[in-house]
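Participant: This is the structure I want to talk about, given as structure tokens.
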Ligand SMILES: Cc1cc2nc3c(=O)[nH]c(=O)nc-3n(C[C@H](O)[C@H](O)[C@H](O)COP(=O)(O)OP(=O)(O)OC[C@H]3O[C@@H](n4cnc5c(N)ncnc54)[C@H](O)[C@@H]3O)c2cc1C
Ligand code: SF4
Ligand code: FES
Ligand code: FES
């Protein structure tokens, strides 16, 4: 029931990189914004030793160099939405479109990538499943209205991170206290291990997210399909970034979707269709249709097949302007 | 660890532990209970506070984050507005909330106020007194929910504050400021005390151990040494639903009580169970109630006792309400075999809707004085609860007191003596210490009741030429879990002509959590079915749906509402059904509502003069429905003073207080108003209007009594007398359907309400607006989901149980038709329920008008809409 606020590292020359787990073997948890962790602590009544990262120097720093932009793990979602709108609009729009203003103020990019699933079985205090120490997925034979439409893993709930989806389109990399240059896919895995939401070790701290240099002229669009006004977990979400030449031809692009699979998906086939096109109606229609290719919905997620197409179509039309 | 923090300009040194959240520190550690805890998961915003000027969520912010920070809670907001020359110290946003009635029960209000203050200050700095549009306000406050649906008032308040109209107390320029809801100042400053805020010296905290199995038998429970606990199972030791309370334990802290409850050893023998109603109805299904004696244990989901009806396995019923029922059946059968155009037959499904009042069920019981039991209870009926508690514990009522100063919503789920009260009282008797038991949101969303799901089959036969009604049959299966006594189909007896008809209600019991009365029990459910069937009939014959209803409807008040509705530009501009082809399709729908009139003839009100001020009192409660304001206005009107010049004492039932009505069955205002007027009038006859000169303590009491010659049913049951006549409503809704993403937005709702004279117009409008919001929730989002294999409630948080947000609020226009109730003292009846019957059905009809696809199943989620349109339902 204790807490270490890691300002002790203030004195360390190596700041973020000097972090490791606590001495001793008791249960512990790293904490950034706390927007995911605090809810789970309240529900489960767990009282691990807390290692609070917020005091660590460089935790919330944004560094821009010729090689790209380095985001401290503690950069908040609100800061992404505000400060990266010019250079990395796909990431900024995604950040601005998730959760609620108060959550965005507190939530960090590191915590967003490493948050645990929002599956209603997992968050229920009286169930157990792969992700909470059990050996099955009760959602698969049970209720999975918000589940995957690309059913490629034993766990049927989509990965929650919207930012991971946007970072995929930038081929961003992640540094930790133990490794550098991990692709987002290496951090989140492919869902084949249903017990995990990410593949970092227990005592491994995510330190930075590294983006390539901004693409001049990048345009982006983000959209989530939901039932209400805002502040609802996406049924399906999509993000697109494009760079077009003077003639309006797409010279490079990135498209990814979330809410549909064990991890967010970058849609290479869609990108291939768009590249070299002028985002004409026909291309947009074909690209959107191809987004849902390979979908193998669960009994309750058949509606998401149409919604994948609709959501991708929506972002493509929006980015076309 | 120990940390220093500055809270509302005061420096505090506090001890926090690592896992604690800021809201716990502020409420429990610092005693600042203005900040509320509702969802505990970042969804509702009730816990919002400012940390170094930024709005943050107290439930997700670690307490350690307050170290060396400057924290402003709702209690500290007023002072921030102090130097604007306002005089009353309130922030302009707080004044605006009071003036525009941006609140009802007030439980979400502190969170809204704090965040709206941050938005207002930012907006004013950037935009001066320009008005923000609704979109800007909705985005800024997207992290807040209000279950009462006070969103229209919140929009009005935020916009007016941003326009600068509330910069000075009393208003500025031509804007004269009023406090509409007399307790609004207490609610916007966080001073209002709810049961969850009550702290007693030496208080213990209790927690419930619940079953995670849907059925089984529990062996004897042994509490570990030194652990104070009670077993709350019935004599048969049976668990019948997942989440059912088994035992309650108490400890020095809430965390400790929760841990003890979790770790308690419960000997449990699981038994077969059934969750799905279709399976439950099949022969051979596991029986929820195995014996005749067991069946007596079944709780009732409606307000009265269940009608006697036969049992067949898990099927209870039918209870039949016939009027020439055999003829109705025969006519429909032959119309069916003849394939008559005039026969419309549809089957409808509704999902269970959870009350989720923002103040959870909560009780603080103090029986430390063996001679006197004091109970703080979040209840809809302090007077009734006092008697029930006395009865349950075999006490003389003069030794019992029930307190509910403010109640954070109830919606029907807080009418009875619920287990948390019994448990807290029992534990207090054992320990002779005060005991507090407060449910968390998970418990609240699991086991405190719901508007049951249902399946209704409606057959409506009209004459092919004249469309006169020839026959109507309605068969409803209600799915209230372990509860029985639903009355849905029976409500179809009261509308549209006295033609042959037959209504049959059946309960299919399952091992699911029990249903409970929910605002207009059965009403929105029958309207969803009946009003869409009527709409379908109108469509089939090319008739105007309002005009067709007017042809049938014998209720003169609803006739007046039909005339009003027909003339609305929204109605006149409605498109032809199915005529639209684009991505976004707009449509307009209408539905009618009907409700009974109830009154509590035993209601007594006292008006007295104390130190030159008028004081009105009775043992009633105010859960945001306006009892305080109604009493104040009634007395103020007689003495010709402002309502704020009258002190209202309520929320206390003891031997000194007179009997007041429960807040349920729309009976509160109609019982209070004329009684308060009578008491005030007789006091005024005695002392005139010179209050200063009146002898201190002089008082007059009046009793409501029944309406002479006016009862429909000559008995009074549990404080309810059924009066003669029906109240009426008509809702016209306009929607926009996005056929690409399956999302439906409600753009505009007109609500016509005929309940006679309106005693507190601004509050009445708020109630009716809230009904529309709850109806939109029912129509589009709200859906209790259970795991089919365990019966556990999966929608046990406010992320997965989706209620309407600020941004989902349509423009709402409320029209009161005030004639027709002159025979009732005061000239008007209650509106809490009649206003809630038809909104969802009008949205359903609007979706049909927009798309040509009729949504038969609630809620109309994107998946259903996409599937419906895809399946070619569109005409
Ligand atoms: C109402 C609501 C709606 C939401 N909607 C969305 C949405 O649409 N899309 C979306 O993506 N998210 C959404 N979220 C989730 C939110 O974005 C995450 O909770 C948040 O990003 C987590 O960040 P945090 O800093 O608060 O993490 P924390 O809660 O502090 O931590 C999360 C987890 O990561 C670990 N952790 C955190 N930082 C590190 C680190 N640097 N190194 C190692 N481990 C670490 C913690 O131990 C913990 O297990 C929503 C949340 C709420 C409450
Ligand atoms: S394994 Fe995944 S989908 Fe299945 S219950 Fe657990 S979190 Fe949910
Ligand atoms: S209680 Fe904190 S957001 Fe609901
Ligand atoms: S006033 Fe918002 S929850 Fe009651």
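Any read-out appearing in this document is the output of simple, stated calculations on the displayed coordinates, not a laboratory observation. Keep in mind that what you see is a predicted model, and the values were worked out from it rather than measured. Backbone-built Cβ (ideal geometry, glycine too); neighbour counts: all protein chains shown.
Participant: Which of the peptides B:623-631, B:569-577 is most tightly packed, and how do the rest follow, going by the mean number of other Cβ atoms within 10 Å of each residue?
Facilitator: B:623-631, B:569-577
Participant: Using only alpha carbon pairs under 8 Å that are at least six residues apart, calculate the relative contact order of chain A and give it in whole percent.
Facilitator: Worked out over chain A, it gives 17 percent.
Participant: Take the alpha-carbon centre of the stretch B:474-504, take the same for the stretch B:535-573, and report the distance between them in whole Å.
Facilitator: Using only Cα atoms to place each centre, the spacing works out to 23 Å.
Participant: With a 10 Å Cβ neighbour count serving as the proxy for reagent exposure, in which order, fewest first, do B:671, A:162 appear? Before the final figure, lay out the partial values.
Facilitator: Values: B:671 33, A:162 26.
Final ranking by Cβ density, sparse to dense: A:162, B:671.
Participant: Between the stretch A:84-119 and the stretch B:368-425, how far is it from one alpha carbon centroid to the other, in angstrom?
Facilitator: The two parts, judged by their Cα centres, are 46 Å apart.
Participant: When the convex hull of the Cα atoms of the stretch B:390-488 is projected onto a plane and the area is averaged over all directions, what value comes out in nm²?
Facilitator: In nm², the orientation-averaged hull projection of the stretch B:390-488 is 11.1.
Participant: Taking the mean number of other Cβ atoms within 10 Å as a proxy for protection, how do you rank B:326-339, A:239-252 from highest to lowest? Write out the running numbers ahead of the final one.
Facilitator: Values: B:326-339: 14.9, A:239-252: 17.4.
The peptides rank, most packed first, as A:239-252, B:326-339.
Participant: Between 0 and 90 degrees, rounded to the nearest ten: what's the tilt of helix A:303-320 against the longest Cα principal axis of chain A?
Facilitator: 70
Participant: Taking a point 7 angstrom from the Cα of residue B:682 along the C-beta vector, which residues in the stretch B:797-833 have backbone N less than 17 Å away?
Facilitator: Once the point is set 7 Å along Cα→Cβ of residue B:682, B:825-826 turn out to lie under 17 Å by backbone N, inside the stretch B:797-833.
Participant: Among B:411, B:273, rank each residue by its count of other Cβ atoms within 10 Å, from fewest to most, as a rough exposure measure. Intermediate values should be presented prior to the final figure.
Facilitator: Values: B:411 29, B:273 23.
So the residues, fewest neighbours to most, are B:273, B:411.
Participant: For chain B, what's the relative contact order in percent, using C-alpha pairs closer than 8 Å and at least 6 residues apart?
Facilitator: 13
Participant: In the Gaussian network model of chain A, springs joining C-alpha atoms below 10 Å, which of A:226, A:257, A:109 carries the largest mean-square fluctuation?
Facilitator: Of A:226, A:257, A:109, the most mobile in the Gaussian network model is A:226.
Participant: Can you pull the mean other chain C-beta count within 10 Å for peptide A:29-42?
Facilitator: Working: counts 2, 0, 5, 0, 5, 12, 7, 3, 3, 15, 11, 1, 5, 14.
What the average comes to for A:29-42 is 6.
Participant: Residue by residue through A:91-103, how many Cβ atoms from other chains fall within 10 Å of the Cβ on average?
Facilitator: Partner Cβ neighbours, averaged per residue: 4.
Participant: Using Cβ counts within 10 Å as a stand-in for footprinting exposure, how do B:463, B:738, B:167 rank, fewest first?
Facilitator: B:463, B:738, B:167
Participant: Mean-square fluctuation check for chain A, GNM, Cα pairs under 10 Å: which of A:310, A:166, A:215 is largest?
Facilitator: A:215
Participant: Right, another one. Using alpha-carbon pairs under 8 Å, 6+ residues apart, how would you state the relative contact order of the stretch A:219-320 in percent?
Facilitator: Working: 179 pairs, mean separation 28.5, N = 102.
Answer for the stretch A:219-320 is 28 percent.
Participant: Which of the three applies to chain A, rounded, prolate or oblate, going by the alpha-carbon gyration tensor with a ≥ b ≥ c and a/c under 1.5 meaning rounded?
Facilitator: Because a/c hits 1.5 or more and a/b fails to exceed b/c, chain A counts as oblate.
Participant: I've got another one for you. Give the Kirkwood hydrodynamic radius (Å, one decimal) of chain B, defined as one over the mean of 1/r across all pairs of different Cα atoms.
Facilitator: 28.1
Participant: Averaged over peptide B:793-800, how many Cβ atoms belonging to another chain are found within 10 Å of each residue's Cβ?
Facilitator: Mean number of neighbouring Cβ atoms from other chains: 6.
Participant: Another question, if that's okay. Once you order the gyration tensor axes a ≥ b ≥ c over the Cα atoms, which shape class does the stretch B:604-741 get: rounded for a/c under 1.5, otherwise prolate or oblate by comparing a/b with b/c?
Facilitator: prolate
Participant: Let me ask something else. Kindly state, as a whole number, the per residue volume in cubic angstrom of the convex hull around the alpha carbon atoms of the stretch A:219-320. Working shown, then result.
Facilitator: On the way: hull volume 9.5 nm³, N = 102.
Cα convex hull per residue, to the nearest whole number: 93 Å³.
Participant: If packing is taken as the mean number of other Cβ atoms within 10 Å per residue, what is the order of B:811-822, B:515-526, B:643-654, highest first?
Facilitator: B:515-526, B:643-654, B:811-822
Participant: Report the far tail of the P(r) of the protein assembly as shown, meaning the percent of Cα-Cα pairs longer than 49 Å.
Facilitator: Result: 28 percent of Cα pairs exceed 49 Å.
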